[in-house]
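What follows is a single structure, written as structure tokens, with notes after it.
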Amino acid sequence: MLQQSVFVAVVLAIGCVLGLGTLASSQDKKPPTATRAGLHQIHAAARALEQAQRHLERAEHHFGGHRAKALDLVKQAEAEVKEAVAFAKANPPEGSKPAPAATPATTKP
């Protein structure tokens, strides 16, 4: 009985150490940056929102005000998508080259 209790205590202690180690290592990670595939998905979402807006605008019925509310929400979502794209451009993924800054052309005399 004592041997079984010691075994359980050791297993619990190992579990706690491993759990705390995992928790500590996950706290050190940086937030993920936008990837090329993620940006592709954002652009696809923007196209889908544009299509949704066209459908809502062409709907013949008002649906008790829900169509107008949906249209407003789609416009808000489009603004958020634009913000996401701007953020991705300003924060390129690690290891990738940042977009070159526009420099004035210099001419040789």
Next on the checklist: On a full-extension model of 0.36 nm per residue, what is the gain between Glu60 and Val85, subtracting their alpha-carbon distance, rounded to one decimal in nm?
Outcome noted: 5.7 nm
Item to check | Principal axis dimensions, the stretch 33-89 - Cα atoms, whole angstrom, descending | outcome: 41, 14, 10
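Every read-out reported here was derived from the displayed coordinates using simple, explicitly stated rules and does not represent laboratory data. Just so we're clear, the structure is a prediction, and the values are computed from it rather than from any experiment.
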